[in-house]
Structure formats: C-alpha cells, structure tokens
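The values are calculated or read from the model by the stated rules, or taken from the named source; none is laboratory data. Since we're looking at a predicted model, the values are computed, not measured. All Cβ positions, even for glycine, are placed from backbone atoms using ideal geometry, and neighbour counts span all protein chains on display. Side chains included, ligands, DNA and RNA excluded: accessible areas come from the protein's heavy atoms. Shrake-Rupley method; radii C 1.70, N 1.55, O 1.52, S 1.80 Å.
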Amino acid sequence: MKKLSQLINDIQPIEVIGDTDRNITSLASDSRQAGKESLFVAVKGTQTDGHKYIPVVASNHVGAIVCEELPSTYQPGVTYIKVADSAEALGRLASAWYDHPSDKLNLVGVTGTNGKTTTATLLYEMSRMLGHRTGLLSTVCNYIMDEAIPTSHTTPDPITLNELLARMVAARCTFAFMEVSSHAAQQRRIAGLRFRGGVFSNLTRDHLDYHGTVENYRNAKKMFFDMLPSSAFALVNIDDKSGLYMLQNTKARKYTYSLRNDADFRGRIRESRLDGTLMSFNGNEVEVNFTGRFNAYNLLSVYGASLLMGWNHEKVLVNMS
C-alpha cells in the first residue's frame, strides 16, 4: 500500500481532479486487474486503448485513474490524473511502486537486431563467474541467480519488469542484464529505469511491420541511448553503420568496439577452427569456445562491457575462454 501523493511525484501531472491524500492498494494497466483502491493507468496500446475502460474501472471503485484524456463524467470518490504520456507515466509509477529497484542494481541493457540474447546471457554468466549475485531478463528465460522464471516478451510490461527487478534486489543481486527491444523503447516500457550501461550490437531490416521504416526502427533503438544518464556508459559496435548514430544525443560516456577499425575495444580473429576460435581482445589472445564472426562481435561487446563495469581485466580474460 502506498500514498497516491507519493506515487505521482515523478509523473508531472497536467491536471488532478480529486484527492491525492489516499492509499493505493495495487497498480494496474489491465482493466481486469484494477480492483478497489487500485491505481489504473489507461495506456494507448497497439491492440487496444485503455481509455475505453475508464468508465468500467471507475465503477469498480478504483482509487485513481491516470490518463491522457479525461472522461466527460467523473465517478465520485475516484481521483483522475491527466498526463501527457500515460505509457511513460506507467513506467515511472511502476518503478515508484516497487521502490525504484533499478536504483539499487547495476542494470545494463543490450539492444540491436541480433545478438541481444547471447550478449545479455554471456554478461549474466560472466558476472556470476566473477562472484556477483546477478539477474537476467531475456527472451529465452528470466533468471534471479539460479531461479528460472519463464518469459513471453523480449522486455516485460513495466509492472512485471519492476516486480522482477525488485525480486532481484530482495535476492541481494548487485548486477542485472536485460534485452531492450525496439518495442520496449518505443512503448516506454523501460521508462523510470536507471541504467548503468547500454550496449548496441547491430541493426538490420526487422520489425518493419511494427515500425514501418528502417529509420523508425533505428530511432526506436536510439531512444534507449538517449535516455541513459551521464553516469552510465554507452558501448556500440562501430562496424555497424548505425553504431555512431546511437551515440549522437546520449549523455552517457561513449565507447566503441570493432573487429575492423580502431576502437576503445578492439577484437581480432586470429584463427578459426570447427571447435573454437583464437581471438585477441585489445591485443590479449584468448581461446574461446565459440565460432563465427557474429559470436566474435558478441564476445567483444561482453569484454568491453565487463571492463566498463570495473571488473578485473585478467579475470575477465580467463572467463572468456
């Protein structure tokens, strides 16, 4: 249970109708889960518009409703809060509801068309090998240390996402790695999260059924880097033509990795075999149990991100093999 007045501190309401000095028992963006004294957030989604359900949830005696468009009539006893972007508000409210769990974790997001799952998973495994309590949010499965939690989306909805991060905090995790999809950035599912770093792998023609154009898809990816704070790092693949574009407006510290060009983190494939690859990372040769150029890029991004998180260079190299 939380006070509504505290929850809405971060969402900058345009207009408030009703009492904010009231207790809220739950947070919901699904009208079917909005019960008595809930805070319901009406989001304009791709499948349906939550604003359609405002009369229904109001009649169910919810405590408050956050929306972009106020209804023509008001239900007595319900507080109505108008915001510019209810999807953005939902992310920030979800973070506040779970006491801002991302502030208590070293959270790193990985985005790009290909390599997100592999890179996020390798970072999770590297972190654990180095002795850190760690969580993972990925398309394959979510993990809180050894506990596996099934997943159905690249990035969960904001309420589920912050619940999982809060469970990681409760499990005393200090690091968390997550895939950040273009849908998640576009739909503001990651609003309200504080990232320690972001990694960009590559961009190819994908999800054009949703984004419409390659430019829209690229800009959705870029939104993630635009939201990074100055305390974070942004690590991008400059062998991809969209790599430097991701860095244009970010406040984060900028770093690059490459297999072909000069970069902060330089990788080279020295020898390729059926059972592995001899690679060099900034001049340090390591035998890795991966094959293929795409995996060389994934491993190089893991190497760079590991060092940017302050992990011991020698131990990182040992665990790369």
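For the range 14-146, the share of DSSP beta bridges that are antiparallel, to the nearest 5, is 40%. Once divided by 2.2 N^0.38 Å, the Cα radius of gyration of the range 204-321 becomes 1.16. Extension gain for residue 244 to residue 264 (0.36 nm times residue separation, less C-alpha to C-alpha distance): 5.9 nm. In the context of the full set of protein chains, residues of the range 1-134 present 45 Å² of accessible surface per residue (probe radius 1.4 Å, heavy atoms only). Looking at the chain, the DSSP beta bridges with both ends there are about 40 percent antiparallel. One decimal place: the segment residue 219-residue 2 gains 74.5 nm when fully extended, by the rule 0.36 nm per residue minus the C-alpha distance. Look at the Cα gyration tensor of the range 162-206: its axes a ≥ b ≥ c give a/c of at least 1.5 with a/b over b/c, and that counts as prolate. Of the solvent-accessible surface of the range 232-321, computed with a 1.4 Å probe and all protein chains present, 46% belongs to carbon and sulfur.
Across the accessible surface of the range 86-168, with the other protein chains kept in place and a 1.4 Å probe, carbon and sulfur atoms take up 47 percent.
Place a +1 charge on the Cβ of each Lys and Arg in the chain and a -1 charge on the Cβ of each Asp and Glu, then give the dipole magnitude about the Cα centre in debye, rounded to the nearest 20.
Numbers: 34 positive and 32 negative charges, 84 e Å.
Charge dipole, the chain, about its Cα centre: 400 debye, nearest 20.
At full extension, residue 321 and residue 16 could sit 104.1 nm farther apart than now, given 0.36 nm per residue minus the alpha carbon distance.
Beta bridges from DSSP with both residues in the range 185-316: antiparallel share about 50 percent, rounded to the nearest 5. Positive end of the dipole of the chain (Cβ unit charges, origin at the Cα centre): among 134, 286, 47, the Cα lying farthest that way belongs to 286. Kirkwood radius, the chain, all distinct C-alpha pairs, inverse of mean reciprocal distance: 20.8 Å. Taking 17 Å as the cut-off, the amide N atoms of the range 124-141 that come nearer than this to a point 7 Å along the Cα-to-beta-carbon line of residue 172 belong to 128-135.
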